[in-house]
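Read through the structure below, which is laid out as structure tokens, and then see the notes.
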């Protein structure tokens, strides 16, 4: 495997409620098919655990924001592994015992978060990954994160409507950005004067 197929955990982040930043910590327990113990996002669904690369957070820091691990509500902040190349269904080994299966890439933000309003952008909807817990265990800062297998684009826990919603939102966002680029490049409208 290449070097980009493994990395390390730089932070383990939990929160008691959804829609808030998570508090960074040193370790936490992953429960089989639930998520992190004492985390608001744990449950019987396909987004039990969220991952975001430190490299993605660094993009927002470069844009002038004072942000760090947990500020995007990710459970696991990684470094060195190229999360964005992993298809749905990919299996990651975290630490000694834990296995996670990627169940969703990105998410639809129905309401914009504080980060979006501060920066005009947020990386989690595009660059965050979500996973289900296939093998329970403890996750600690410094643990190795390694790709065990690449997925085929499917996960049995991901409902088709979740994928369809994300794809529709992604297409709408791309259309909006294209329209903005078109406006910026459009020639100034004629004033009606002939110059004579």
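The values are calculated or read from the model by the stated rules, or taken from the named source; none is laboratory data. Just so you know, these numbers come straight off a predicted model, no measurement behind them. Heads up, the Cβs are rebuilt from the backbone with ideal geometry, glycines too, and the neighbour counts pull from every protein chain shown.
Matching residues to (1) in contact with a helix residue (DSSP H, G or I) (Cβ under 6 Å, 6 or more places away or on another chain); (2) part of a strand (DSSP E or B); (3) more than 19 Å from residue 91 (Cβ to Cβ); (4) at pLDDT 95 or above:
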{"position": "146", "(1), (2), (3), (4)": "no, yes, no, yes"}
{"position": "154", "(1), (2), (3), (4)": "no, no, no, no"}
{"position": "165", "(1), (2), (3), (4)": "no, no, yes, no"}
{"position": "176", "(1), (2), (3), (4)": "no, no, yes, no"}
{"position": "183", "(1), (2), (3), (4)": "no, no, yes, no"}
{"position": "189", "(1), (2), (3), (4)": "no, no, yes, no"}
{"position": "194", "(1), (2), (3), (4)": "no, no, yes, no"}
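Criterion first (surrounded by 15 or more Cβ atoms within 10 Å (Cβ to Cβ) and modelled with pLDDT of 90 or more) does residue 102 satisfy it?
Here the answer is yes, as residue 102 does meet what is asked.
Can you find a residue that is surrounded by fewer than 20 Cβ atoms within 10 Å (Cβ to Cβ), more than 14 Å from the chain's Cα centre (by Cα) and under 19 Å from residue 157 (Cα atoms) anywhere in the range 78-89?
Yes, that holds for at least one residue.
For the range 122-141, name all the residues that are within 19 Å of residue 7 (Cβ to Cβ), in a loop (DSSP other than H, G, I, E, B) and out of contact with any strand residue (DSSP E or B) (no Cβ under 6 Å at 6 or more places or on another chain).
123
Kindly list, by first and then second residue, each pair from a residue in the range 42-59 that is at positive phi to a residue that is at pLDDT 95 or above and surrounded by fewer than 20 Cβ atoms within 10 Å (Cβ to Cβ), limited to pairs with Cβ atoms under 7 Å and residues at least 6 apart or on different chains.
43/34
So if I check each of 28, 42, which one is touching a strand residue (DSSP E or B) at 6+ places or on another chain (Cβ under 6 Å), crowded, with 16+ Cβ neighbours inside 10 Å and within 22 Å of residue 166 (Cβ to Cβ)?
42
Given the conditions (1) surrounded by 20 or more Cβ atoms within 10 Å (Cβ to Cβ); (2) farther than 19 Å from residue 12 by Cα, which single one is not true for residue 53?
(2)
Can you tell me which residues in the range 60-71 are on the phi > 0 side of the Ramachandran plot and either in contact with a strand residue (DSSP E or B) (Cβ under 8 Å, 6 or more places away or on another chain) or crowded, with 20+ Cβ neighbours inside 10 Å (or both)?
In the first step, residues of the range 60-71 are kept if they are on the phi > 0 side of the Ramachandran plot; the result is 64, 70.
Passing the criteria: only 70.
Test residue 112 against the stated conditions and say whether it is within 17 Å of the chain's Cα centre (by Cα), part of a loop (DSSP other than H, G, I, E, B) and at pLDDT below 90.
So residue 112 fits the description; yes.
Where in the range 29-98 are the strands (runs of 3 or more DSSP E), entirely inside, with at least 2 residues that are at pLDDT 95 or above and touching a helix residue (DSSP H, G or I) at 6+ places or on another chain (Cβ under 8 Å)?
Filter on the range 29-98 gives 49-53, 76-79.
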